[in-house]
Amino acid sequence: MARMARAGTDEAPDSRIISTMTGTFELVVTTGGDFEFRLLSRTGKVLAVSGKYKDKNAAVAGIRDAQECAAMALINDRTTPPSLTMTPSAGKRQTQQGPSRWFG
């Protein structure tokens, strides 16, 4: 099992573990004594960082929630500005309302 690293340090995760998996949750202790976790890619790149948890059990429960939610998560694209359309009768531009339809 990988050892816990201190947040904000340059300690590298155990590469033997990461290279054999598709992804890894790394549980760390912050300098303030709280717990947080990071989702690492197979190459060790940080993909996501959690919020802070007061105890280890809560952080582990957060990891379980993240695993469950990520497996079925939808993508909500909020990077695309609303599209502009012309109304045929008035010739005025209107902003399309609602979420992006890019991802269906």
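Worth a mention:
- Surface accessible to a 1.4 Å probe, Thr24 within the full protein complex, Å²: 20
- When the residues Ile75, Ile63 are ordered by accessible surface, computed with a 1.4 Å probe over the protein chains alone, the sequence from largest down reads Ile75, Ile63.
- Exposure of Arg38 as accessible area (Å², to 10), given a probe of 1.4 Å and all protein chains: 40
- Difference of contour (0.36 nm per residue) and Cα-Cα distance, Ala71 to Val29: 12.5 nm
The values are calculated or read from the model by the stated rules, or taken from the named source; none is laboratory data. Everything numeric here is computed off the predicted structure, so don't read it as measured data. Each accessible area value is taken on the protein alone, full model and side chains, heavy atoms only, with ligands, DNA and RNA left out. Shrake-Rupley method; radii C 1.70, N 1.55, O 1.52, S 1.80 Å.
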